[in-house]
Amino acid sequence: MKDREGEVLARDFEKRLGLIRLELDRIVERAPARTLEAKERLVARIKALLGDVEMDPVRIAQEVALMSDRLDCTEECVRLAAHIDQYRS
C-alpha cells in the first residue's frame, strides 16, 4: 500500500513539476520584454503628471536602468530550472 501511495505521489509531483516548468519557460520567454513595458508605463505616468513639460531623457534612462535591475529574474529562473532538473535526475 505504501509503494502504491508513493507511486501516486511521485506521478502527481512529476505532473506538478511539468506544469511549473511550462510556466517557467513562459516567464523566461517573456522576461526581456518586461523592461520595455516598465519604461513605457513610467513614461506614460510621467506624461500624465507633467503634461507638456519636457522630461529629462537621462533621468528616465536612469530610472529604467534601476527598474531593469529589479525586474531581472534570470537568477531565480536558472535556480528553479536547476532544482527541477536535480529532482528529475
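List the pairs whose first member sits in region 76-89 and is touching a residue at least 24 places away in the same chain (Cβ under 8 Å), whose second member is of a type in the set (G, A, S) and in a helix (DSSP H, G or I), and whose Cβ atoms are under 8 Å apart, counting only residues at least 6 apart or on separate chains?
These pairs meet every condition: C77/A31.
If R26 satisfies all but one of (1) in contact (Cβ under 8 Å) with a residue 24 or more places away in the chain; (2) within 19 Å of the chain's Cα centre (by Cα), what's the number of the condition it fails?
Tallying (1) in contact (Cβ under 8 Å) with a residue 24 or more places away in the chain; (2) within 19 Å of the chain's Cα centre (by Cα), R26 fails exactly one: (1).
A quick yes/no check of all residues on (1) surrounded by 11 or more Cβ atoms within 10 Å (Cβ to Cβ); (2) part of a helix (DSSP H, G or I); (3) among the aliphatic types (A, V, I, L, M):
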residue: G6; (1), (2), (3): no, yes, no
residue: E14; (1), (2), (3): yes, yes, no
residue: G18; (1), (2), (3): yes, yes, no
residue: E54; (1), (2), (3): no, no, no
residue: V64; (1), (2), (3): yes, yes, yes
residue: M67; (1), (2), (3): yes, yes, yes
residue: C77; (1), (2), (3): yes, yes, no
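If the Cβ limit is 6 Å and pairs must be 6+ apart or interchain, which residue in region 1-21 that is within 17 Å of S89 (Cβ to Cβ) and touching a residue at least 24 places away in the same chain (Cβ under 8 Å) pairs with which residue that is assigned to a helix (DSSP H, G or I) and of a type outside the set (S, T, N, Q)?
L17/I84; R21/I84
Just the residues that are among the aliphatic types (A, V, I, L, M) and touching a residue at least 24 places away in the same chain (Cβ under 8 Å), please, taken from region 30-75.
Residues satisfying the conditions are A31, A38, L42, V64, M67, L71.
State yes or no: is S89 surrounded by 12 or more Cβ atoms within 10 Å (Cβ to Cβ) and of a type in the set (S, T, Y)?
no
Bear in mind these aren't lab numbers, they're just calculated from the coordinates by the rules spelled out. These numbers were taken from a predicted model, which means no experiment stands behind them. With ideal geometry, Cβ positions are generated from the backbone for all residues, glycine too; neighbour counts draw on all protein chains shown.
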